[in-house]
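These notes concern the structure reproduced below.
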Amino acid sequence: MKSELFEFFRPTDTEFDNFWKEGIVVPDANVLLTLIRYNRKSSDDLFSLFEKIKYKIWIPHQVAYEFLNNCHSVFFSMEQAYIKLSSAYDEIRSISAKKIDQIKSEYRFHPSLDFEDGKSSLFEAIKDIENKIKSNQTINSKADDINSIIERVASLFENRIGRPYSDADYKEFCRQADIRYQMKMPPGYLDAEKSDGGYGDFIVWQQLIEYSKENKKDIIFVTEDMKEDWWFRIGGRSIGPRRELRREFFDKTGCQFYAYTLAHWLSLNKLKGSEIVSDDTIKRAQSHQKIDEDSAKSLRESRVILARKSRQLDAKYSELKEKLDSDRRKLNELTDFLKVGIRRFDRDAGEQNFESGFLDSLEMSRKAVLEDINVSLQSLKELELEREAVRLDMVRMWRRRMARDHGQTD
């Protein structure tokens, strides 16, 4: 059974050892971007580890492109954090001062409270925190070495990067991705809502397959992407890479594919005797992973809720639209009937047997239907506003995902 359905089984220790010894390590773009996100010590640890295994690392062209395309925006977002934090402390200082002065003016004299002393102590504490932040910023700021990080990455992967696709090949793979995304085939289908079509993960996947097929090498993919189109999850916990990915990779290459989060991969390096990676770096990676997992979970839940609400609103909109169309048909019928009645009244007005009240009844019915139509139109307007609000929430959710994936702030 295991040989036919190996993707349902965890690799054996022997298979993992073979992965570790013979497999090619492929860091995702989000892993390379941690070289900018991490503090200087952790960044140096990761660089040192990559340099130690330089003989067995490689990246797809798409990974290199995504790293270079996002590295400066990630750096800017890291610097923005200091600015926002400084602004937050200024706000705390201002609000606290006003609140303390307000209480002071209310009580004026107090036997045991020194309001000014309390305010001074609070401001000194805030100042101490700000000084620590500035010191940390000075130590870890990459303003002077962002270019050196880029150059170091470029040197690390010199002659270890895949070929770019031609425009024709790229368009063909995008066409294939569209078909797969409709069937929810991993990876990448959860990025389908992105403005560029979300083809990045699928292009990376194709380039991994091509490299493995040409070089007959197993692949160890290291990524910070926590979405379900890479990982098999049970109860919110990642068990391993998606089974479909392991099967497809083997069927197309004859080689094995396995994936690790950065935190897991660093921990395994430590367990296997690497002295390069510090415990602090592993803890930092684990902390980042926890944040990403929580963010991914929140986005998953938001997506489900918004999708359900959108379906409900669409169904309600269709129902109201059908009612409105029915009422309009009824109004047209009554109007035509009323016109016929008026012509008959003009012709037979002198006859005793014609009931003029019949026309009044028709007009009342017409007005009632018209009122129903106006109510339906108002309901449709309100419903359209609700649908627009849901669409805006979906856009905000997409922006949060983009910010999370690229390490940017909202």
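As a proxy for reagent exposure, SER3, SER326, SER135 were ordered by neighbouring Cβ count within 10 angstrom, fewest first; the result is SER3, SER135, SER326. Positive contributions from Lys and Arg (+1) and negative ones from Asp and Glu (-1), summed over other residues with Cβ under 15 Å from the Cβ of ALA315, come out at +2.
Determine the relative contact order of region 6-277: mean sequence separation of Cα pairs under 8 Å and six or more apart, normalised by residue count, in whole percent. Write out the running numbers ahead of the final one.
Working: 266 pairs, mean separation 71.5, N = 272.
Reported relative contact order: 26 percent.
Quick one: ASP279, ASP372, fewest Cβ neighbours within 10 Å first, how do they rank? Intermediate values should be presented prior to the final figure.
Working: ASP279 9, ASP372 17.
With the sparsest Cβ surroundings first, the list reads ASP279, ASP372.
Extents of region 1-45, taken as max minus min of Cα coordinates on every principal axis and listed largest first, are 48, 19, 14 Å.
Ranked by how many other Cβ atoms sit within 10 Å of their own Cβ, fewest first, the residues MET364, MET1, MET78 fall in the order MET1, MET364, MET78.
Bear in mind that the values in this text are calculations on the coordinates, not laboratory data. Quantities reported herein were computed from a predicted structural model and do not represent experimental measurements. Here Cβ is always computed from backbone atoms with ideal geometry, including for glycine, and neighbour counts include all displayed protein chains.
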